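Step one of this worksheet: look at the structure below.
The values are calculated or read from the model by the stated rules, or taken from the named source; none is laboratory data. Keep in mind the model is a prediction, meaning the values are calculated, not measured. Note that we place each Cβ from the backbone using ideal geometry, even for glycine, and neighbour counts take in every protein chain shown. Keep in mind that these areas ignore ligands, DNA and RNA; they rest on the heavy atoms of the full protein, side chains included. Shrake-Rupley method; radii C 1.70, N 1.55, O 1.52, S 1.80 Å.
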Amino acid sequence: MKNLRLLFGKGNSIGQYGMIIALIVIVAFFAWRTNGLILEPTNVINLFLQYSYILILALGMVMVIIAGHIDLSVGSVAAFVGIIVAQSMSVWHWPAWAAILLGLGVGALVGAWQGFWVAFVRVPAFIVTLAGQLIFRGANQIIGQSTSVPTPDSYNGIGAGFLGDFGPDFGYSNGTLLLGLVTIVALIIIEIRGRARRRKMQAEVPPLWVSVVRTGVLVVVTLIATYLFGAGPVGTSVPIVAIILGVLTILYGFITKNTIFGRQVYAVGGNSNAAVLSGVSARKVNFFVMANMSVLAAIAGMVFVGYSNASGPADGTGWELDAIAAVFVGGAAVAGGIGTISGSIIGGLVMALLSNGLQLMGIESNKVQIIRGLVLLVAVAFDVYSKSQGRPSLIGGMMRQFQRKDTEQNTVAAQQPRSIEDQPEKVNVQ
């Protein structure tokens, strides 16, 4: 049993991977109900083209929610940046690369604006971002005059383009096959280096079969993904937006798991008072998670504009709800302090596949919304019920080490004054 737990990661149980199981069940169910249509390469490619921007938003939203906040402005910020980028190319005749840099800069400025109010003025993020939702939606309408602004083909590749192909025709995208091969080699090297590093540190090394099975599962998943992306119609392959999403997922996964800042985000969300007493600058953490969210909203907005070949007045409507749903279905705690990047991506895929499968079955869109809402409610309610009964969270609780730290910090915080925010924060962070 100990080795079996190591297979899924130290400190985790099989039950805590409930969303992965749910994802597999959903795929199997819709594959049966749609006669395999949901697993057709064309459908899988279109799925990533249509939903990747929501998954990009989920990467930032999970950090906001872990820190104990919520961001209701991401859809409006994405639309605001999208119209500015479209205008810069269509009206001001900027090159695509300059327009992208402009979009990132605008996203950073918007994030700094909202982060300032949350971190330093201490206005609740719910209010700040609700105001931002209204402000930037109105700004989008004013700049674009409530009309659509087209974008050039040189730009649209970031949202609707594919990895380039080369070499002889084998019936599959050679670029996709090469990317899949590189990914498999990288997975094997990472596992080998991980085992070597643990030996060097004289830490516990899992049995060889655990590494083989764990890496083997990831390799099989990579092979399936490579086939689905590589066997699509001529001219298609891995979408550029899927590559952008993959790079961002790896980057933010590393930040949340392996950096001091990532640990500080969990500490602030789990117990802000104890985090401050431990030397964490809660203001800096709150500022940067809000600023980061707007930058990712800018990326999502630019990606969607490229996919749509234009920026429209209705862009971004309801995106914040989809991103929040993905994060909570993926296991984040409403109170903050718990959540993972991988869990949010899985939660987003669950919601996306649910919508896609129901549409393929011919279910009308109004009923699809009802079903998605019920899934979100049941997923969170079941997680809360499991915790209240003293059982492991089935979709949350993947960060027990932080829970243990928070328990120790709570003991310290209980002995301190309640008005921590009025005390000066320590600068040095260990």
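Taking the simple approach of a point 7 Å from Cα along Cα-to-Cβ for both PHE254 and PHE29, what is their distance in nm?
It is 3.7 nm.
For segment 26-36, take each phi angle, set θ = phi - 60°, evaluate the Karplus expression 6.51 cos²θ - 1.76 cosθ + 1.60, and give the result in whole Hz per residue in order, putting x for glycine and proline.
5, 4, 5, 5, 6, 4, 6, 6, 10, 6, x
Please list, in order, the residues from segment 222-260 whose amide nitrogen is less than 19 Å from a point placed 7 Å along the Cα→Cβ vector of LEU37.
232-233
Report the rotationally averaged projected area of segment 65-120 based on its alpha-carbon convex hull, in square nanometres.
Details: hull surface 17.4 nm².
Spelled out: convex hull of the Cα atoms, projected over all directions, averaged, 4.4 nm².
Quote to one decimal, in nm, the extra length available between VAL221 and GLN359 on full extension: 0.36 nm per residue of separation minus the C-alpha distance between them.
47.2 nm
Using the basic label-point model (7 angstrom from Cα toward the beta carbon), what is the ASP169 to ALA112 distance in nanometres?
So the two model labels end up 5.2 nm from each other.
Full-extension gain between VAL213 and THR147, please, as 0.36 nm times their residue separation minus the C-alpha to C-alpha distance. Numbers along the way, then the final one.
Working: separation 66, 0.36 × 66 = 23.76 nm, distance 5.36 nm.
This chain segment gains 18.4 nm when fully extended.
Along the Cα→Cβ direction, 7 angstrom out, place labels at PHE126 and PHE261. What is the inter-label distance in nm?
Distance between label points: 2.8 nm.
If packing is taken as the average number of other Cβ atoms within 10 Å across a peptide's residues, how do 340-346, 203-209, 53-59 rank, most packed first?
Per-residue mean Cβ counts within 10 Å order the peptides as 53-59, 340-346, 203-209.
Subtract the Cα-Cα distance of HIS93 and VAL334 from 0.36 nm times their separation in residues, and report this length gain in nm to one decimal.
Fully extending the segment from HIS93 to VAL334 adds 82.3 nm.
What figure in square angstrom, to the nearest 10, would you give for the accessible area of THR249 with a 1.4 Å probe?
40 Å²
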